[in-house]
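The values are calculated or read from the model by the stated rules, or taken from the named source; none is laboratory data. Please read these numbers as outputs of a predicted model, since none were measured by experiment. For neighbour counting, all protein chains shown are included, and Cβ atoms are generated from backbone atoms with ideal geometry for every residue, glycine included. To get the accessible areas, we keep the full protein, side chains included, count just its heavy atoms, and leave off ligands, DNA and RNA. Shrake-Rupley method; radii C 1.70, N 1.55, O 1.52, S 1.80 Å.
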Amino acid sequence: MVGAVRAVAVCGFGWIVLSLAVLVFGLLDLTAVGKTWTVVQTVPVGVFAVLQAGFGPGC
């Protein structure tokens with residue numbers, strides 16, 4: 001079970017990297033709101049990924 005949770009965490013980290021790559025390299029034609037929303041979404045995804053990976057408080 002721990003391996004599956006860590007796999008989900010790796011996917012979360014990958015999602016963050018790919019989302020930021022889309023912004024940096026302009027891979028999608030996003031509006032300002034779309035760019036802002038993409039950045040804002042990385043925060044909760046990152047928090048969950050850290051917690052799932054076992055790096056959070058109490059882990």
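One table, with the values for the structure above:
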{"quantity": "Residue check for residue 30: touching a Lys or Arg at 6+ places or on another chain (Cβ under 7 Å) and aliphatic (A, V, I, L, M)", "calculated": "no"}
{"quantity": "Considering residues of the stretch 14-59 that are touching a helix residue (DSSP H, G or I) at 6+ places or on another chain (Cβ under 7 Å) and in contact (Cβ under 8 Å) with a residue 40 or more places away in the chain only, the residue most open to solvent (accessible area, probe 1.4 Å)", "calculated": "52"}
